[in-house]
1. Residues in region 52-87 that are in a loop (DSSP other than H, G, I, E, B), open to solvent by 20 Å² or more (accessible area, probe 1.4 Å) and at pLDDT 70 or above: how many?
2. Is it the case that some residue within region 147-165 is within 22 Å of LEU39 (Cα to Cα), assigned to a strand (DSSP E or B) and either in contact (Cβ under 8 Å) with a residue 40 or more places away in the chain or open to solvent by less than 30 Å² (accessible area, probe 1.4 Å) (or both)?
3. Looking only at region 100-146, how many residues end up being part of a loop (DSSP other than H, G, I, E, B) and either modelled with pLDDT of 95 or more or open to solvent by 50 Å² or more (accessible area, probe 1.4 Å) (or both)?
Amino acid sequence: MRGYFRKELKRKQTFNVPRVSTDSGEAFCVIRLLRVMALRACGLIICRTLSGSALKMGDEIEFLLLQTSYGKHHWTPPKGHVDPGEDDLQTALRETQEEAGLGEEHFRILEGYRKELRYMVKSQPKTVVYWLAELCDSGTSVRLSEEHQDYRWLGVEEACQLSEYKDMQEALREAHSFILNRQQPS
């Protein structure tokens with residue numbers, strides 16, 4: 001196990017975990033690595049359009065938000081912690097499948113949008129990376145996991161009101177603008 005985590009440290013170069021030579025020190029490194037990894041999450045901001053020409057009309061674009069069934073019952077797009085050996089996009093795809101029942105066959109990732117949010121959770125820095133995805137069929141059903149108690153498809157301003165956090169509101173507005181801008185004639 002100890003070689004695996006060292007390889008991951010070298011490969012990803014995202015974690016700053018000190019190396020120690022003793023067995024108890026090795027255990028500390030593994031625990032610290034898992035703790036650091038748990039403070040990185042990835043997900044998808046998923047949108048749908050209500051008609052074929054909706055991408056030209058901002059009001060017809062809706063975003064999926066899920067309400068957690070724990071804590072303050074906050075609303076966010078599907079997201080979750082990066083598992084060992086997973087890259088960020090793999091995490092986003094897995095978490096979207098687990099939390100919303102939406103697999104890769106249900107959406108397409110819109111190239112060129114990637115948003116990284118950084119904030120503190122229980123005095124620890126956390127990074128969340130989002131990609132933007134559009135549902136292929138706006139009628140596709142959402143299936144919630146036990147981690148969530150409700151979901152809603154909302155226009156950008158309603159989604160911003162429900163999300164409460166400024167950085168998430170900014171990400172939703174940027175995603176909305178990105179969709180509109182990529183559809184305008186050059």
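The values are calculated or read from the model by the stated rules, or taken from the named source; none is laboratory data. All of these numbers come straight from a predicted model, not from anything done at the bench. So basically every Cβ, Gly included, is an ideal-geometry build from the backbone, and we count neighbours across all protein chains shown. Heads up: the accessible areas ignore ligands, DNA and RNA and are worked out on the full protein's heavy atoms, side chains in. Shrake-Rupley method; radii C 1.70, N 1.55, O 1.52, S 1.80 Å.
1. Of the residues in that region, 11 qualify.
2. yes
3. Going through region 100-146 one residue at a time, the tally reaches 15.
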